[in-house]
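The values are calculated or read from the model by the stated rules, or taken from the named source; none is laboratory data. Predicted, not measured: the structure shown is a model, and the values here were computed from it. Cβ placement follows ideal geometry from the backbone for every residue including glycine, while neighbour counts extend to all protein chains displayed.
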Amino acid sequence: MIARSETPPRRRVLVVDDSAFMRRLVSELVTATGEFDVVGTARDGDDAIRQVHLLDPDIVTLDIAMPGLDGLDVLGYIMSEAPRPVIMLSADDTVDARTEHAMSRATVRALELGAVGFVRKPSGPISLDVADVADELLSALRAAEVVDITQVRVLARPVPEQRRATDRASVAFSSQQHSSVASSVVVVAASTGGPAALTQVIPRLPAALGAAVLVVQHLPEGFTARLAERLDALSAVRVREARDGEVVRVDTVYLAPGGRHLRIEPEAAGPTVRLDQRAPVWGVRPAADPLFTSAAAAFAERVVGVVLTGMGRDGAEGARCVRAAGGRVLVQDPESAVVSGMPTATVRHAGADAILSLDALPSAITAAVRAHRGATDFPAFEAAS
């Protein structure tokens, strides 16, 4: 007798929103995927906590802005007391600019607290954006499905911003040094789990790193600016969203804006940021491969490529180009990643000079940059197998 293969059970989703209309709409979108089931809904924060314990859902979609116990409070409770993948739902584009800014900051904070993704709410049942939201929700649910929840770090108590500002001010380096055009770069790829990982890595880089850092984090338009603000407040190096046409300078971190690929082009004034809206790569824009490939062409062996947690294989081809040009590639240990797809794909396709825990990456990045500058006070790399 031939054994029948059993279809694995579909993941169960709890939908949390204070709007009855939005609970119904999101539930319909989840069910329509054909891959996930809605096990229940909750109308506010207190109800959400009750339903998490009662229903034990595999995944939670959670509204950020709710009266009383808001989404951030609920998220903090879930990740500390009943950890599971949480997808945040943020306000749609119809809110005013001030509210949009606040919501973007709250979303970035949610990603630091352990949320594995977020989706903008649709503006209505017959609006043109419902189909786009449905696609984003399905992608977020699929990412949540493969998350290793044991590797999600909850940054409940981030480094105080005032102390970081003091650290930055205490570092003695001249304005001329700071304005120097970069002769070496660090390029970083991150996706699911990336904001929390970046918050563990970027603030631990020295103010006088001696290289520029360019980061592609898979986020839509409007949220990368808030992430840059957050990282800048926590870090000794300066962090900002990249601007088209600016010259790449040392001791500065540039985040690719949501919705735009970031490339480096060699120009008369020096290596220059170029942003574009060409077709998505691996289904995302910004993508890391265009950045890594252009950095390898512009800087050759003076590139350090870093691939962090994320779903898919973005960064793998770029890492291959970096190594072919003589640069080094550092990869987050797949076993320590929230989602191991990108680190695993990079190691398989490109290899790596070192496979490291998240905690070990800042010192390894600094060591690789100093190696280019001829410094000798850096630890030896542990070769990747």
- Collect the residues in the stretch 37-51 that are more than 17 Å from M88 (Cα to Cα) and not acidic (D, E), keeping them in residue-number order. V39, R50
- Item | So T99, is it assigned to a helix (DSSP H, G or I), buried (at least 22 other Cβ atoms within 10 Å of the Cβ) and modelled with pLDDT under 90 | no
- Note on the structure: With criteria (1) over 27 Å from V146 (Cβ atoms); (2) modelled with pLDDT of 95 or more; (3) in contact with a strand residue (DSSP E or B) (Cβ under 9 Å, 6 or more places away or on another chain); (4) outside any strand (DSSP E or B), P206 comes up short on (3)
- Note on the structure: G327 vs (1) buried (at least 20 other Cβ atoms within 10 Å of the Cβ); (2) within 28 Å of E145 (Cα to Cα); (3) of a type outside the set (V, I, T): all pass except (2)
- Item | First in the stretch 45-59 and under 13 Å from P85 (Cβ atoms), second anywhere and in a helix (DSSP H, G or I) and among the aliphatic types (A, V, I, L, M), Cβ under 8 Å, 6 or more apart | V52/I78; I59/L141; I59/A144
- Task: State all residues of the stretch 12-28 that are under 15 Å from V60 (Cβ atoms) and either in contact with a helix residue (DSSP H, G or I) (Cβ under 6 Å, 6 or more places away or on another chain) or of a type in the set (D, E, K, R) (or both); if no residue qualifies, say none.
- Result: R12, V13, L14, V15, V16, D17, D18, R23
- the stretch 104-196: helices (runs of 4 or more DSSP H) wholly inside it with 2 or more residues that are in contact with a helix residue (DSSP H, G or I) (Cβ under 9 Å, 6 or more places away or on another chain), modelled with pLDDT of 65 or more and among the polar types (S, T, N, Q) are none
- Just one listed residue, out of L205, L231, L219, L198, is touching a residue at least 12 places away in the same chain (Cβ under 8 Å), farther than 18 Å from D359 by Cα and buried (at least 22 other Cβ atoms within 10 Å of the Cβ), and it is L219
- Task: Keeping to the stretch 253-262, report how many residues are in contact with a helix residue (DSSP H, G or I) (Cβ under 8 Å, 6 or more places away or on another chain) and either buried (at least 21 other Cβ atoms within 10 Å of the Cβ) or of a type in the set (F, W, Y) (or both).
- Result: 6
- Message: Tally up the residues in the stretch 270-320 that are aromatic (F, W, Y) and without any contact (Cβ under 8 Å) to a residue 40 or more places away in the chain, please.
- Response: 1
